Amino acid sequence: MPLLKSWIDSANSPETDFPLNNLPLGVFTLGGAPRCGVAIGEHILDATGLEEAGLLQLADTPVLDIPFWNEVMELGPEAWDGLRARLTELLREGSPEQDKVAPFLHPMAGAEMHMPLAVAEFTDFYAGRHHATNVGTMFRGAENALPPNWLHIPIGYNGRASSVVVSGSDIRRPWGQVKAPDEDAPRFAPSARFDLELEMGAIVGQPSDGPVSVDEADQMIFGYVLLNDWSARDIQAWEYQPLGPFQAKATATTISPWIVMRAALEPFRVPTPAREKPLLPHLRDTGPMLYDIALQVDLTPEGGQPVTIARTNYREMYYSSAQQLAHHSTSGCPMNVGDLLGSGTISGPTRDSRGSLLELSWGAREPIALGDQARSFLEDGDTVTLRGAALGDGYRVGFGACTGTLLPALEDPYAR
Ligand code: MN
């Protein structure tokens, strides 16, 4: 698909994350109350304002009068397509409605972004093979790197919707119970191995009540965001057996401010990697279920310059979000509008394509260079920025930045 040209010049630049092909959905403020908006070039289109003015009608009653996109998700796939078609009509080059739309455009630079959806529940997976192999090798040795179930199901755990925050939110270094292998007893301390995880988040836009197929699951997905699953490795190492991570993952999870709708990514579909063992029929691929999305992690020390510490691609995943969602429903677990599914850390096959510091520094045995500094895990004041874009011919369908700064731990919260 070529670039769709808009009457907004900045949307036609090959550098922008937000050409007319993209039309991602967010929630913004310009001093007043939060409103639903659509990113286009260097501008935000006030979608709530368009609905109020009668220029955008998605249902019989308003659906953009709450500062979340959940009500649009509830309308279903036909309405999703209708939204994109109407926005395209309003913003395309030569649109006869240009003069009516122009007052609803605001410079993105002056806006503050908020959570684009009300997250119903959050589940995080462990579905990248390079990541699982790296972590397994560090903790269990190369022979037993992948758990025996890994090639048969996308392993996941139920996380906390309450801890999902939008890009730009500060992250406070947590305290927790830790015990190093050479210590006799656990202690309560600030996490000394605080990490990032580069992931994509899939947003469930339609409910289910009972098991769904991979194809049905695919159609239930409304869109995608970038996702940083902040992880306290020392807390995780002590707590994770036998029920999986708990407090290590509960401090915060940051998502990018713009939901890129699934329709915008369709031209970039790619297959999952070759299967080492065939999946059971209900989880088998029925077509290309991943997307070719170039990803990178930038790390900026306090007062310093950003350094790109990893480059990889969403197509490195072993399981697609559709397979994860289908697996999630097999027990009959109801899935709801606004559920967020983390892909699992996305690492590639090479050292510079690893999606966490745990892997990049190989458990602190091989610290990475960061300008004139070195890093094994995050230090106070570090800013982590994830970026991602599907690359078209002369344009990009991007997600905007997913960023967060690590603040120092507070005093011992129980010392009083
Ligand atoms: Mn994770």
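Let's see how each residue does on (1) touching a Phe, Trp or Tyr at 6+ places or on another chain (Cβ under 6 Å); (2) surrounded by 17 or more Cβ atoms within 10 Å (Cβ to Cβ):
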site	(1), (2)
M138	no, no
N144	no, no
W150	no, yes
V164	yes, yes
Review point. Can you name the strands (runs of 3 or more DSSP E) wholly within segment 110-208 that have at least 1 residues being aliphatic (A, V, I, L, M) and closer than 28 Å to F399 by Cα?
Key: 112-114, 164-166, 198-204
Review point. Looking at segment 332-373, which of the residues that are out of contact with any Pro (no Cβ under 8 Å at 6 or more places or on another chain) and among the hydroxyl-bearing types (S, T, Y) is farthest from the ligand (Cβ to nearest atom)?
Key: T350
Practice item. Collect the residues in segment 252-272 that are within 16 Å of the ligand (Cβ to nearest atom) and surrounded by fewer than 21 Cβ atoms within 10 Å (Cβ to Cβ), keeping them in residue-number order. Key: A252
Revision key, fill the gap. Considering residues that are under 20 Å from I259 (Cβ atoms) and either within 22 Å of the chain's Cα centre (by Cα) or assigned to a strand (DSSP E or B) (or both), the number found within segment 1-24 is 10
Review point. For segment 374-383, does any single residue satisfy the condition of being of a type in the set (K, R), away from the ligand (no atom under 16 Å from the Cβ), in the same structural domain as E266 (by TED's automatic domain parsing) and within 30 Å of E216 (Cα to Cα)?
Key: no
Review point. When you go through (1) under 30 Å from F246 (Cα atoms); (2) open to solvent by less than 60 Å² (accessible area, probe 1.4 Å); (3) among the polar types (S, T, N, Q) one by one for S95, which number turns out not to apply?
Key: (1)
Point to revise | Flag if K100 is of a type in the set (K, R), assigned by TED's automatic domain parsing to the domain that holds E89 and away from the ligand (no atom under 16 Å from the Cβ) | key: yes
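The values are calculated or read from the model by the stated rules, or taken from the named source; none is laboratory data. Everything numeric in this text was worked out from a predicted model, so none of it was measured. Positions of Cβ are backbone-derived with ideal geometry, glycine not excepted, and every protein chain shown enters the neighbour counts. Calculation scope for accessible area: heavy atoms of the full protein, side chains included, ligands and nucleic acids excluded. Shrake-Rupley method; radii C 1.70, N 1.55, O 1.52, S 1.80 Å.
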